[in-house]
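Have a look at the structure below, then the notes.
The values are calculated or read from the model by the stated rules, or taken from the named source; none is laboratory data. This one's a predicted model, so the numbers in the text were calculated from it and none came from an experiment. Every residue, glycine as well, gets a Cβ built from its backbone with ideal geometry; the counts of neighbours run over all protein chains shown.
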Amino acid sequence: MGSQYNRMYNPDTVETLSGTVEAVDKVTPMKGMYSGVHVMLKTDKETISVHLGPEWYVERQDVKIEKGDNIEVKGSRVTFAGKPAIIAAEVKKGDNTLVLRDSAGIPAWAGWRR
């Protein structure tokens, strides 16, 4: 799991943002990676791309993120493809929390069988 993409997560740049989900997309962040789930989050300051995790993992979780949801995202601010983005560690929707990474950025799906 020490891919170039996972190494982008930096515990020193972790912040928490709140906003509304404007779009939910499936993207392949880098060649050879699995398709990932990605949302566009509109905050009071910006609209930013938030990378959640691999589609096969995110789709199996109980918390479903959909367009129009108000969410709180905790994650590492990075520059991805020349634009600011957040690699999410946690997403809160109402009383539910989708846990994606631990405080060091280790993905929750590390060691999972697909």
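General observations
Conditions tested, residue by residue: (1) of a type in the set (Gly, Ala, Ser); (2) surrounded by 17 or more Cβ atoms within 10 Å (Cβ to Cβ); (3) without any contact (Cβ under 8 Å) to a residue 60 or more places away in the chain.
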residue	(1), (2), (3)
GLY53	yes, yes, yes
VAL58	no, yes, yes
GLY68	yes, no, yes
ILE71	no, yes, yes
ALA81	yes, no, yes
ALA85	yes, yes, yes
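- The one condition in (1) closer than 21 Å to PRO11 by Cβ; (2) at pLDDT 95 or above that GLY53 fails to fulfil: (2)
- Residue among ILE71, ILE87, ILE65 that alone is closer than 21 Å to TYR34 by Cα and part of a strand (DSSP E or B): ILE87
- Per-region count, the stretch 9-36, residues modelled with pLDDT under 95 and crowded, with 18+ Cβ neighbours inside 10 Å: 3
- For the stretch 90-114, the set of residues classified as at pLDDT below 95, not β-branched (Val, Ile, Thr) and not in a strand (DSSP E or B) consists of ASP102, SER103, ALA104, GLY105, ALA108, TRP109, ALA110, GLY111, TRP112, ARG113, ARG114, listed by residue number.
- Filter result for THR47 (at pLDDT 95 or above and closer than 20 Å to ALA108 by Cα): no
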